[in-house]
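Taking it in order: structure first as structure tokens, then the write-up.
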Amino acid sequence: MILESGLCCFGIIAAIAILAIIYLFTIYNRLVTLRNNIDKAWANIDVMLKQRYDLVPNLVQAVQGYMKHEKQVFEDIAALRASFMGAGGPAEKAKANDALSGALKTIFAVSENYPDLKASTNFLELQKQLTVLENQIADRREFYNDSVLLYNNRIKSVPDTIIASAFGFKEKEYFKAGEEEQKAVQVKMEEQPPAPQPTGPQPTTQVAKQEEPKPQSPKKQNPKTKPK
């Protein structure tokens, strides 16, 4: 009887231990899946960032012939492009990406002052490609940050935090710049001198008043003369 009770207790303990191990493995696999989703989402963003990076020199070459006097623009673009390539993790790349986006938007805004540039098929095609990539990056950014939020919350919650600490699951960076770094980046444009205003008194044109026609009085009819 005592032996049977001992075996029953051992069986219950063994069953509980097996269930606990299965549950811990489930948590581990779930954390791995979340981490892999983040890595995959970041890989997609990184590919699009590099595609846009490769299009920037083509855009500069397309507009240089029209914006010859605005050298500061191209110097700023080159500096932002270099800082983007030197960025490390998602947070640094987000900062560089936002700065480069601001510079490109400035280029597109200033292009309105150059009708010949706006009529260039090459420029319009590059503008379209860069805009499409920018929208795609924005969509992927939202998905990536949502995945990071879910993962970071998991590794800080009990009991997931126990498995995360034991197996080295680290917190992931968001793909967004800090508050100070989110300030709009302005590219300095060389202002064109305003058109000269004419000096001296200006001739005034007087508009002659048109007299309203006076109503004509009806003509009096001569009375018929009687024959003598």
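Coordinate-derived values only; no laboratory data. Just so it is clear, the structure is predicted and the values come from calculations on it, not from any experiment. Quick reminder, even Gly has a Cβ in these numbers, built from the backbone with ideal geometry, and neighbours come from all protein chains shown.
In plain terms, the chain from M85 to T161 could stretch by 23.9 nm, reckoned as 0.36 nm per residue minus the Cα-Cα distance. For the pair C9 and Q51, the difference between a 0.36 nm per residue extended length and the Cα-Cα distance amounts to 8.8 nm. Largest first and in whole Å, the equivalent-ellipsoid semi-axes of the stretch 2-182 read 55, 14, 10, each the square root of five times a Cα gyration tensor eigenvalue.
A simple packing score, the average count of other Cβ atoms within 10 Å per residue, orders the peptides 38-45, 92-99 as 92-99, 38-45, with the highest score first.
Modelled spin-label separation between Q136 and I21, with each label point placed 7 Å from Cα along the Cα-to-Cβ direction: 4.7 nm. The simple Förster model, with R0 at 35 Å and r as the Cβ-Cβ distance, assigns R30 and N58 a FRET efficiency of 0.20.
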